[in-house]
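Report on one structure; see the data block that follows.
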Amino acid sequence: AQSVAQPEDQVNVAEGNPLTVKCTYSVSGNPYLFWYVQYPNRGLQFLLKYITGDNLVKGSYGFEAEFNKSQTSFHLKKPSALVSDSALYFCAVRDIDTGFQKLVFGTGTRLLVSP
Amino acid sequence: GAGVSQTPSNKVTEKGKYVELRCDPISGHTALYWYRQSLGQGPEFLIYFQGTGAADDSGLPNDRFFAVRPEGSVSTLKIQRTERGDSAVYLCASSDDRPKTGELFFGEGSRLTVL
C-alpha cells in the first residue's frame, strides 16, 4: 500500500527564518504527492503537488516542495516564515492500488511560527 | 457554489441515534470523497464516488456507515446507531476527473459529537 510519513509532530520556527516540514513516501511505481494545510476549525486547503517534471514545485502562499527520488522525500519549504503560516500541514500520496483515486494522508505536522 | 459545502457544521447527538451529513460538491466535479478526521490525526478515507456510484467504499468502518449520491452531485453520509467512537470531523472533498493529477478540494467539515 502507498503511504507517507511525517516524522515530526511539531516544527517551531521564528518569523523570518526558513522553514522545512518533512515528508517521506513509500510507493510502488511513480509517486503523485500533495501538500495540504489546515487552519484551526477549517477544512484542508491544497498547497502544491508533484506529478512529474521539475523536482522543485512551487505552490500557494510562497511555499515550495522538493521532490527527491533517491531519498523518497517530498519536504515542504518556505524561505521566510510568517506567523500566519502557523497551522497543521499534511503530506499525501495518491493510492495507485485503487487506480489513483484516493489520497492517503500522513499524520500531520503542526507548524508554530513565533513572532 | 464556489466551494464544497457541508452541513451541518456541528452535530451533537446521543448514542444510538441516526445521523445524516450532507455534502454539496463543486459544480461539475464528478468525483466525491468522504474522509473522517479524529483529533490530532490525519484524514482517514471512507468512501469515493465517481458519478452516482460508490467506486471504493473500502474505508467505511462497518455496516452502520452508508453514503449515497443519487444524482451524481450532492452526497449524504448516513450513520446508524451512533457510538461515542464515531465522534470526529467528517470531511467531504470533490475533484474533477483526473485520477492521478487532480487535487481534492475540501469542505470545512461536519463535526459530529456523540454523547
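Any residue in the range B:69-86 that is over 22 Å from A:ASN41 (Cα atoms), of a type in the set (Val, Ile, Thr) and in contact with a Cys (Cβ under 8 Å, 6 or more places away or on another chain)? Taking every residue of the range B:69-86 in turn, at least one turns out to be over 22 Å from A:ASN41 (Cα atoms), of a type in the set (Val, Ile, Thr) and in contact with a Cys (Cβ under 8 Å, 6 or more places away or on another chain).
Would you mind stating whether A:THR109 is open to solvent by 40 Å² or more (accessible area, probe 1.4 Å) and either touching a strand residue (DSSP E or B) at 6+ places or on another chain (Cβ under 8 Å) or within 11 Å of chain B (Cβ to nearest Cβ) (or both)? The answer is no for A:THR109.
Scanning the range B:48-59 for residues that are crowded, with 21+ Cβ neighbours inside 10 Å and either at pLDDT below 95 or not in a strand (DSSP E or B) (or both) turns up at least one hit. One residue stands out among those in the range B:96-110 that are of a type in the set (Gly, Ala, Ser) and closer than 16 Å to B:SER27 by Cβ: the one that is nearest to the other protein chains (Cβ to nearest Cβ), which is B:GLY107.
Residues are listed down the side, and each one gets a yes or a no for (1) modelled with pLDDT under 95; (2) open to solvent by 10 Å² or more (accessible area, probe 1.4 Å):
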residue: A:GLU15; (1), (2): no, yes
residue: A:TRP35; (1), (2): no, no
residue: A:ASN41; (1), (2): yes, yes
residue: A:LEU48; (1), (2): no, no
residue: A:ALA65; (1), (2): no, no
residue: A:LEU82; (1), (2): no, yes
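Taking residues in the range A:95-115 that are among the hydroxyl-bearing types (Ser, Thr, Tyr), and partners anywhere that are modelled with pLDDT under 95, the pairs with Cβ atoms closer than 6 Å and at least 6 places apart or on different chains are A:THR98/B:ASP56; A:THR107/B:GLY42.
The values are calculated or read from the model by the stated rules, or taken from the named source; none is laboratory data. These figures come from a predicted structure and were not determined experimentally. Methodologically, a virtual Cβ is constructed for each residue, glycine included, from the backbone with ideal geometry; neighbour enumeration extends over all protein chains shown. Side chains included, ligands, DNA and RNA excluded: accessible areas come from the protein's heavy atoms. Shrake-Rupley method; radii C 1.70, N 1.55, O 1.52, S 1.80 Å.
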